[in-house]
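The values are calculated or read from the model by the stated rules, or taken from the named source; none is laboratory data. Computed from a predicted structure; not experimentally measured. Cβ sites come from the backbone with ideal geometry, for glycine too, and all protein chains shown count toward neighbours.
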Amino acid sequence: MILTTTSKALIRKHHLALTVRHYLAKNPDALLGLTFPLTCDFELDFAEFLDEALMEAYEVASSLAANEENDKPASEREWWILKPGMSDRGQGIRLFSTTQELTEIFESFDEDTDGEEEHSGEVKGDTSVVTSQLRHFVAQKYIHPPLLINNRKWHIRTYVLAVGSLEVYVYKPMLALFAAKEYSPPWESAQDLSAHLTNTCLQSGEREGSVRAFWELAELQPSHAKGIWDKIRNTVAEVFEGAARGQRVHFQVPPSPANTPTSLTAADPPQRLRALRCRLRRQREHGHFPTGSQRLSRLQTDWR
């Protein structure tokens, strides 16, 4: 949860890519250069305008051109992952390595849009997108091979709490979320994303082992786990700094309250976040936010 009046710089993929790019331009040796894959953002309404759109994403266009030279086999190409800028839950994510593959992806989006019908409910494993989520896209260089555990791709999920203007806390009890199927190279499974996407909302049937406590992963050496934790904290710090300093139109924080609560006592992260939000709202409604520099000075020891 981010307690800001405007937070697009972090919550929209294309804005986040811009935030990171601007930060790295001023801080080329920052950790973000290692922890954030090469990401290009572009706008596209219809597949027929793809060539024009790729002019905004030079790195993608040049990579695809190199892949297509001398008719490289798929295993020797540089692969990319496409993500709609305003989607979530794995919707609209696709893998590609040539201009033709990318064109076919956008043509399939056009077909989905033409036949779009209003519907409710969720379908497990459905990665289709709706019209409102199209237009802004990011393409990230696909990391192959990723760090695997039991030959499955995984990612880390944790809670980040931003308070006032601006203190940021990362919740240490993190989760590891695993893909439904064992990992295989993108050229072998580009059409079956279940080996590449770790969103549990896409998984159906038996999902035991899909979510595990990060600090209980026996497959990671303690020193390795601590190194990952340190990188997460530093990456979060750099991302927020980049948003606060370089994206003031799309990231605005409220003034620091003088009577901000100093502790949270609820049992789990969502309750803690809700507890803080409710306290801040009550104080705001009763006018208990006089000017001052006092900030949230202490949280329970799980927050760092």
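Of I105, I156, all but one fail to be at pLDDT below 95, at negative phi and either under 16 Å from the mean Cα position of the chain (by Cα) or not aromatic (F, W, Y) (or both); the exception is I105. The set of residues in the stretch 66-101 being within 18 Å of S194 (Cα to Cα) and exposed (fewer than 14 other Cβ atoms within 10 Å of the Cβ) consists of D88 alone.
Every residue, every condition in (1) assigned to a loop (DSSP other than H, G, I, E, B); (2) at pLDDT below 90, yes or no:
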{"position": "P146", "(1), (2)": "yes, no"}
{"position": "S165", "(1), (2)": "yes, yes"}
{"position": "Y169", "(1), (2)": "no, no"}
{"position": "Y183", "(1), (2)": "yes, no"}
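For the stretch 185-204, taking the residues that are within 13 Å of P145 (Cα to Cα) and crowded, with 19+ Cβ neighbours inside 10 Å, the one that is farthest from the chain's Cα centre (by Cα) is identified as P186.
Could you check, for the stretch 221-237, whether at least one of its residues is under 30 Å from S62 (Cα atoms), assigned to a helix (DSSP H, G or I) and either modelled with pLDDT under 95 or outside the structural domain of I93 (by TED's automatic domain parsing) (or both)? Scanning the stretch 221-237, I find at least one residue that is under 30 Å from S62 (Cα atoms), assigned to a helix (DSSP H, G or I) and either modelled with pLDDT under 95 or outside the structural domain of I93 (by TED's automatic domain parsing) (or both), so the answer is yes. Going through the stretch 221-235 one residue at a time, which ones are among the hydrophobic types (A, V, I, L, M, F, W, C) and in contact with a Lys or Arg (Cβ under 9 Å, 6 or more places away or on another chain)? Answer for the stretch 221-235, where residues must be among the hydrophobic types (A, V, I, L, M, F, W, C) and in contact with a Lys or Arg (Cβ under 9 Å, 6 or more places away or on another chain): just W229. Annotation note: of A225, A218, A237, the sole residue that is closer than 30 Å to K26 by Cα and without any contact (Cβ under 8 Å) to a residue 40 or more places away in the chain is A225. Would you confirm, using the coordinates I've provided, whether N27 is within 27 Å of V236 (Cα to Cα) and surrounded by fewer than 18 Cβ atoms within 10 Å (Cβ to Cβ)? In short, yes. Here R21, R89 are screened, and the one residue that is closer than 30 Å to F251 by Cα, in contact with a Cys (Cβ under 7 Å, 6 or more places away or on another chain) and either free of Cβ contacts under 8 Å to residues at least 24 places away in the same chain or in a loop (DSSP other than H, G, I, E, B) (or both) is R89.
Only one entry of L64, L95, L44 meets the criterion of being at pLDDT below 95 and in contact with a helix residue (DSSP H, G or I) (Cβ under 8 Å, 6 or more places away or on another chain), and that entry is L44. Working only within the stretch 50-78, note down all residues that are over 19 Å from H14 (Cα atoms) and touching a strand residue (DSSP E or B) at 6+ places or on another chain (Cβ under 9 Å). Correct list: S63, L64, E78.
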